[in-house]
């Protein structure tokens, strides 16, 4: 193995990966390894039948912080008294909600839940919860480092609750001074909400700029 093209975690340097972006197989989901991955533009994505897989695809999907598409109907829902929202109040419950997808299966394994709950305990992972009364109606969670936020997954149990969570998350990120929102790969849903693709090269440059910012979640 030519170690010059691999980093100290055994990952292929993202710039040398192909378009699919697979840069590593195996390892663990320790806090140290997860934070190192995000700082390098790498994220874990795998299922219960595979080893841990590490990715840095090209192109990369992001949201510009002023690029979230909010329809008039959604804006009215956000302004109404239908929902309330909180920050970091029920992180594990949000992850469990995101993992509860019996029809399609999920990549949010028990191992992932425990790893990201530990990131949350240490102040690196965060959630936005949307409530309808006492019901957790929806939410979103992700990882924040400097001015960078990686949106990992969202869910809803009530129509529009995940979209409302996105609106509150983006408002919070803008107020705090974040500059890069990573959504990893586009989906039809995220494209409708404003996600765009940029080259991996551009992404890695913007990532380092965002990581250098002195920004905190609260």
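The values are calculated or read from the model by the stated rules, or taken from the named source; none is laboratory data. Note that the structure is predicted; figures quoted are calculated from it, not measured. Ideal geometry is used to build each Cβ from the backbone, glycine not excepted, and the neighbour counts take in all protein chains shown.
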Could you please let me know if residue 142 is touching a strand residue (DSSP E or B) at 6+ places or on another chain (Cβ under 7 Å) and over 25 Å from residue 112 (Cα atoms)?
no
Examine the stretch 23-31 for a residue that is within 27 Å of residue 191 (Cα to Cα), surrounded by 11 or more Cβ atoms within 10 Å (Cβ to Cβ) and at pLDDT 95 or above, and state whether such a residue exists.
yes
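With respect to residue 189, determine if the residue is surrounded by fewer than 19 Cβ atoms within 10 Å (Cβ to Cβ) and either modelled with pLDDT under 95 or in the same structural domain as residue 29 (by TED's automatic domain parsing) (or both).
In short, yes.
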Check off (1) assigned to a loop (DSSP other than H, G, I, E, B); (2) under 15 Å from the mean Cα position of the chain (by Cα); (3) not assigned by TED's automatic domain parsing to the domain that holds residue 194 for residue 29 and give me the number that stays unchecked.
(2)
Which condition from (1) in a loop (DSSP other than H, G, I, E, B); (2) surrounded by 16 or more Cβ atoms within 10 Å (Cβ to Cβ); (3) outside the structural domain of residue 173 (by TED's automatic domain parsing) is the one that residue 19 breaks?
(2)
Counting only residues that are touching a strand residue (DSSP E or B) at 6+ places or on another chain (Cβ under 8 Å) and closer than 26 Å to residue 78 by Cα, which one in the stretch 192-214 is surrounded by the fewest Cβ atoms within 10 Å (Cβ to Cβ)?
196
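Residue 74 - would you say it is under 22 Å from residue 194 (Cβ atoms), in a loop (DSSP other than H, G, I, E, B) and at pLDDT 95 or above? Talk me through it step by step, then tell me what you get.
Numbers: under 22 Å from residue 194 (Cβ atoms): yes; in a loop (DSSP other than H, G, I, E, B): no; at pLDDT 95 or above: yes.
The answer is no for residue 74.
Within the stretch 34-57, which residues are assigned to a strand (DSSP E or B) and over 15 Å from the mean Cα position of the chain (by Cα)?
53
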Part of a helix (DSSP H, G or I), in the same structural domain as residue 96 (by TED's automatic domain parsing) and surrounded by 20 or more Cβ atoms within 10 Å (Cβ to Cβ) - does that describe any residue in the stretch 121-141?
no
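For every residue, the table says whether it meets (1) surrounded by fewer than 17 Cβ atoms within 10 Å (Cβ to Cβ); (2) farther than 28 Å from residue 11 by Cβ.
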site: 51; (1), (2): yes, no
site: 55; (1), (2): no, no
site: 71; (1), (2): yes, yes
site: 85; (1), (2): no, yes
site: 97; (1), (2): no, yes
site: 100; (1), (2): yes, yes
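Could you list, in sequence order, all residues of the stretch 81-115 that are within 18 Å of residue 138 (Cβ to Cβ) and in a helix (DSSP H, G or I)?
Scanning the stretch 81-115 gives 91, 92, 93, 94, 95, 96, 97, 98, 99, 113.
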